[in-house]
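Please read through the structure below; I'll follow up with questions.
The values are calculated or read from the model by the stated rules, or taken from the named source; none is laboratory data. All figures in this text were calculated on a predicted structure; none of them were measured in a lab. Reconstructed Cβ throughout: ideal geometry from the backbone, glycine too, with neighbour counts over all protein chains shown.
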Ligand code: MLT
């Protein structure tokens, strides 16, 4: 299912959500940016309302799905905007077919593949889910995703994120973990491509700390990095006004 906000004749942005979330995490972006752009959202395989299937996913399959979304939506040369796991998908899609996109917006993400520590953490997560502890795992993850300010000022929204994560399909969640474990690094691509890149990371993001994306953007040919104050790992929801302004400024500069 493809969710379209705004006029299809306008420049398109495809939004790719992060792990255990769904396309609704971008609701603040759809609301504001659909005034100027055609905003497209979808649920990544295994999450939200998408079909979990057999849970045997790969990053390549996630990119195939994204390419199908772009084709089905009938849009050309969209900007991709991905958060965390969505950023992994966006970067690999651009690496596979750079001329298909106008630019990439990377939120709270990284380009490197999993190191040993990350692989072992994911294996432990799969074990927890197999032991019927998805609820505990998902709660812990949400706790670490959001900065305290967001939790205090938006208790209902925070609860909604927890409800969404804890009710995710265990097969789909494990499939996403496997796909992330098997992904390749896109760092060399990101640092050598001419595609315009915008990197945004919450100041308090402990999952994908700002230093990593900042360094990659500094090393890239056409990259810009912005730190998002008052935000953790889900900066587009935690500080939507600033994130929307930065996305709008970035796209306007490219299209000028
Ligand atoms: C995400 O937010 O998509 C995940 O934290 C990414 C990851 O686990 O690497």
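Could you pull out the residue among 47, 66, 33, 106 that is under 18 Å from residue 223 (Cβ atoms) and in contact (Cβ under 8 Å) with a residue 40 or more places away in the chain?
Result: 106 is the single residue among 47, 66, 33, 106 that is under 18 Å from residue 223 (Cβ atoms) and in contact (Cβ under 8 Å) with a residue 40 or more places away in the chain.
Would you check which residues across the range 169-195 are more than 17 Å from the chain's Cα centre (by Cα) and either assigned to a helix (DSSP H, G or I) or within 29 Å of residue 247 (Cα to Cα) (or both) and list them?
170, 171, 174, 188, 189, 191, 192, 193, 194, 195
Taking the conditions exactly as written (more than 15 Å from the ligand (Cβ to nearest atom) and either modelled with pLDDT under 95 or over 23 Å from residue 228 (Cβ atoms) (or both)), does residue 116 satisfy them or not?
So residue 116 does not fit the description; no.
Here's the yes/no breakdown for (1) in contact with a helix residue (DSSP H, G or I) (Cβ under 9 Å, 6 or more places away or on another chain); (2) surrounded by 21 or more Cβ atoms within 10 Å (Cβ to Cβ); (3) within 18 Å of residue 85 (Cα to Cα):
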position: 121; (1), (2), (3): no, no, yes
position: 146; (1), (2), (3): yes, yes, yes
position: 153; (1), (2), (3): no, no, no
position: 156; (1), (2), (3): no, no, no
position: 160; (1), (2), (3): yes, no, no
position: 177; (1), (2), (3): yes, yes, yes
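Right, next: Got at least one residue in the range 33-51 being part of a helix (DSSP H, G or I) and in contact with a strand residue (DSSP E or B) (Cβ under 7 Å, 6 or more places away or on another chain)?
Among the residues of the range 33-51, at least one is part of a helix (DSSP H, G or I) and in contact with a strand residue (DSSP E or B) (Cβ under 7 Å, 6 or more places away or on another chain), which makes the answer yes.
Please determine, by comparing only the residues of the range 80-93 that are away from the ligand (no atom under 13 Å from the Cβ) and surrounded by 24 or more Cβ atoms within 10 Å (Cβ to Cβ), which one is nearest to residue 177 (Cα to Cα).
Checking each candidate, the answer is 93.
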